[in-house]
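The values are calculated or read from the model by the stated rules, or taken from the named source; none is laboratory data. All figures in this text were calculated on a predicted structure; none of them were measured in a lab. No Cβ is skipped: glycine too gets one built from the backbone with ideal geometry, and neighbour counts run over all protein chains shown. Quick note on the areas: whole protein, heavy atoms, side chains included, nothing else; ligands and nucleic acids left out. Shrake-Rupley method; radii C 1.70, N 1.55, O 1.52, S 1.80 Å.
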Amino acid sequence: MESDGVSAAEQSDGGDGGDGGDGGDGVRSEVFDLRPQQASASASEFDDSAVVSKQPVTKRHRKLLLKSSLAASSASACGEEEQQLKLARTQESRRRLLSEVCTKYHPGVTEQPVSQRQVSRVYVEDRSRLLYCEVPKAGCSNWKRVLMVLGGSASSTRDIPHDAAHYANHLRRLESYDRAGITERLRSYTKVLFVREPFERLVSAFRDKFESPNSYYHPVFGRPIISRYRTNATRTALRTGAGVTFREFVQYLLDVHRPVGMDIHWEPVSQLCNPCLLSYNFIGKFESLEEEANFLLQSVGAPRNLTFPAFKDRNPLAERTSSIITQKYFSQLNATERQKAFDFYYMDYLMFNYPKPFKDLH
């Protein structure tokens, strides 16, 4: 709706400044809270030494032990600082690349108004001043759990079942605010996006929605896909929509006249989250999800006992989709089909610096 448009130019790319941010990096100073963790030698180490030697601990021994303890503590602090600086530099690099790609392929996009539809996938957490764009199959279930804990509607991520995370999370979307509310949050909140290797995300979505029983995706997507792309389909397949093959699924994806519309689980991130328009401060990757998510949580001052959950609660017995599994699925396609699929996700590959998954792609 144009009347709800918010000019992207009104956003400050370093908009975290209103909350103690550091401008262009979009990473708050809390992330560099590197106070040395004093590591003291355990009492058992002192006692064992005394028992074995049968001699009192001299002043010289104490100095050596203290020096060793301080050295270990200093090394740990230095290692932590180096890792955080590395993560901060990674964020700078990702933002820079995204900006360059957007300037080249979508010049002037930040001058366009931001509609409510364009922020419909963005969740708001006001306490921590976070905006999170939901990218299915890139850790979004656990991110919703984290947002629920941050917002106070849950005490632990472990206590939140999968369906509650998605259908009873009480999280507000950015589109639910008025123009002024959208503008201010886009300007001053930390805007977060987590992405995944595009082909791997696609295979993960296919396995989840079409290889497991599903009362929505089989009839809504499976039936029209089988009807359009399968020759001599059985009555059972046409009635249930079960058993869609990966090749049929890709045929549907690449068809400009799809028999059923696009879905957020395989929609390109470049369209789903409008990264050129919204100028995200933090661009995380599923491939290093826990480390980068915890880095972000620390940077926004989240409680120290809140860490990003590692569990997988959708089809927990199924092996997590990996690059090897992805290669197996794409081997079912011919070179032309793989190329067309790569073209479909080309902007995602470009914006987020993922290498070509097959050597014959161009």
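Observations on the structure shown:
- Candidate set from region 300-320 (those that are polar (S, T, N, Q) and modelled with pLDDT under 95); member that is nearest to Ser212 (Cα to Cα): Asn315
- In region 145-160, the residues that are within 15 Å of Asn294 (Cα to Cα) reach residues that are in a loop (DSSP other than H, G, I, E, B) and aliphatic (A, V, I, L, M) with C-beta atoms within less than 6 angstrom, at least six apart or across chains, in these pairs: Arg145/Ile160; Leu147/Leu171; Val149/Leu306.
- Filtered residues of region 179-213 (kept if outside any helix (DSSP H, G or I) and modelled with pLDDT under 95): Ser212, Pro213
- Single condition Phe330 does not satisfy, out of (1) under 17 Å from Glu134 (Cα atoms); (2) of a type outside the set (Val, Ile, Thr); (3) in contact (Cβ under 8 Å) with a residue 12 or more places away in the chain: (1)
- Residue in region 298-307 that is surrounded by 15 or more Cβ atoms within 10 Å (Cβ to Cβ) and free of Cβ contacts under 8 Å to residues at least 24 places away in the same chain present: yes
- Residue check, Glu200 open to solvent by 30 Å² or more (accessible area, probe 1.4 Å) and touching a Ser or Thr at 6+ places or on another chain (Cβ under 7 Å): no
- Of the residues Val122, Val51, Val109, the single one that is out of contact with any Lys or Arg (no Cβ under 6 Å at 6 or more places or on another chain) and modelled with pLDDT of 95 or more is Val122.
- Tabulated pairs, region 101-130, first of a type in the set (Phe, Trp, Tyr), second assigned to a helix (DSSP H, G or I) and at pLDDT 95 or above, C-beta under 9 angstrom, 6+ apart or interchain: Tyr105/Cys276; Tyr105/Met347; Tyr105/Leu350; Tyr105/Met351; Tyr123/Trp143; Tyr123/Lys144; Tyr123/Leu147; Tyr123/Leu174
- Some residue of region 125-134 being open to solvent by less than 50 Å² (accessible area, probe 1.4 Å), under 21 Å from Leu350 (Cβ atoms) and either among the basic types (Lys, Arg) or part of a strand (DSSP E or B) (or both): yes
- A count restricted to region 308-338 and to residues that are outside any loop (DSSP other than H, G, I, E, B) and either in contact with a His (Cβ under 6 Å, 6 or more places away or on another chain) or surrounded by fewer than 14 Cβ atoms within 10 Å (Cβ to Cβ) (or both) stands at 5.
- Out of Ser322, Ser299, sole residue that is out of contact with any Lys or Arg (no Cβ under 6 Å at 6 or more places or on another chain) and among the small types (Gly, Ala, Ser): Ser322
- Among the numbered conditions (1) open to solvent by 10 Å² or more (accessible area, probe 1.4 Å); (2) among the aliphatic types (A, V, I, L, M); (3) in contact (Cβ under 8 Å) with a residue 24 or more places away in the chain, the only one that Ala168 does not meet is (3).
- Helices (runs of 4 or more DSSP H) within region 228-285 that include 1 or more residues more than 30 Å from Leu130 (Cα to Cα) and open to solvent by less than 60 Å² (accessible area, probe 1.4 Å): 235-240, 246-254
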